[in-house]
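These notes concern the structure reproduced below.
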Amino acid sequence: MKQQLSALVDGEVDVERCEHIFLAAKSTGEVAQAWREYHVIRDVMREDYWNESDLTSRIMANLDEEPTVLAPQAVSASEKVTHIRPRFNTYSWSIAASVAAAFFVGLFVFNQPETNPTIQIADKDTDQYVVAHHNYAPSSATYYMQNVAFNAGE
Amino acid sequence: MLNTANLEALTRTGFVENNTKAYTTPNHKITQGSHRDMTVQAAHAKQQENKEFDQMLVERAQQGDKRAFGLLVEKYHRKLGRLLSRMIRDQAEVEDVVQESFIKAYRALHSFRGDSAFYTWLYRIGINTAKNYLVSLGRKPQVMQDVKLEDVENFDEANDMRTMETPETSLMTKEIAQTVNDAIAALPDELRTAITLRELEGLSYEDIANVMQCPIGTVRSRIFRARETIAAKLRPLLDTPQHKRW
């Protein structure tokens, strides 16, 4: 685990997968000790090292007297990701359900027997008969009457 | 085996040019072509090393985990002290101001939204605390007036500060620094190269792997072994009882 801590100190570990390192680092074991040692080494090498004293203990002792900070929980990057996933899944299921519904409706519609077959209600002889009678019809409205055949194409 | 195309970068660490085991700080900046790219990448790598895990620690502290904040204290108190020692000469006073700065930061932690890096935010608090402290004593803060916070964030601020020896540096502090430097100088070449490229040049593991022509896993292992070797020498001086962290 200390090797993972070493990589974490360098920002070379996925933060979302370092919970166990975090727990170990804030405990009292050797990983916690390594957290201090690795940063002392870094500070010395980068000449950011200033003074070795028991300052951390003093600061933490003072913080023990402070009321615990409880901030409104910020949405962390990891939480943003986990929020996106359920929404994505919800959309996926919605889309899948819509497609399935459309499929079954379409299947039902196209499998219906042909309920409106073309029915020929007049033949050529009938047409001639109607035209002949139009000429003698008393109403002028008959001028606008036309023959209609329901069998399209004829 | 080292990648000879990157020898110039390695000479800055001092162990290629003179073939000694001396561990030296680079004393000039990269100014040309690919080295500039490498510098940019190094700055990015240094920012990455801090930002993500720091943000996680801040969020845990905001949820009431004081030990998470303790990790940030352990990580930054020396660096902040180094910075503030430019403003305040007395070591005991600097320690007080560093302590006050962390307490102020903790109290204001609920307002930290992560818009800037935690250490930038912390340094602002530290500098303001130091200024207020000096004003309260009737002293005029002078030294830090020309230091820009942007430079602090870009890690360039230390170039000038590093040249300044803190007058109150304790014997123990000097001994610790000497121990670390000696331990680094005594490291096998491959370990020393890896840890130096990481800590001084700020290269990512991927860049170090390219320079040293080895897999990234090997880089990770070498840096870890280097740290452990140095820490073994350092441990008796730090003398941290395992049952007592803080």
Among A:63, A:51, A:40, the residue whose Cα sits farthest towards the positive end of the charge dipole of the stretch A:2-64 (+1 at Cβ of Lys and Arg, -1 at Cβ of Asp and Glu, taken about the Cα centre) is A:63
Would you kindly state how much longer the chain becomes between residue B:132 and residue B:174 on full extension, computed as 0.36 nm times their sequence separation minus their alpha carbon distance, in nm to one decimal?
12.1 nm
How many partner chain Cβ atoms sit within 10 Å of a residue's Cβ in peptide A:18-28, on average, as a whole number?
4
About the Cα centre, and with charges only on the beta carbon of Lys, Arg (+1) and Asp, Glu (-1), how big is the dipole of the stretch A:2-64? Nearest 20 debye, please.
120
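Does the stretch A:2-64 come out rounded, prolate or oblate by the C-alpha gyration tensor, with a ≥ b ≥ c the root eigenvalues, rounded set by a/c under 1.5 and, if not, prolate when a/b is larger than b/c and oblate if not?
oblate
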Can you compute 3J(HN,Hα) from phi for each residue in the stretch B:217-232, using the Karplus curve 6.51 cos²θ - 1.76 cosθ + 1.60 with θ = phi - 60°, rounded to whole Hz and x for Gly and Pro?
x, 5, 4, 4, 5, 5, 5, 4, 5, 4, 4, 5, 5, 5, 4, 4
In the stretch B:73-132, which GluC sites (Glu not before Pro) fall in coil by DSSP and have 15 or fewer other Cβ atoms within 10 Å?
none
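To the nearest whole number, what is the average tally of beta carbon atoms from other chains within 10 Å of the beta carbons of peptide B:108-115?
2
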Between the stretch A:1-71 and the stretch B:56-95, the alpha-carbon center distance in angstrom:
11
Rank the residues A:39, B:77, A:20 as a footprinting-exposure proxy: fewest other Cβ atoms within 10 Å of their Cβ go first.
A:20, A:39, B:77
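From other protein chains only, count the Cβ atoms within 10 Å of every residue's Cβ in B:60-72, then give the mean.
Numbers: counts 3, 4, 6, 6, 5, 4, 7, 9, 3, 6, 9, 8, 0.
Per residue, the average neighbour count from other chains is 5.
Taken together, the values in this text are just the output of simple stated rules run on the coordinates, not laboratory data. A quick note: this is a predicted structure, and the numbers were derived from the prediction, not measured. Cβ sites come from the backbone with ideal geometry, for glycine too, and all protein chains shown count toward neighbours.
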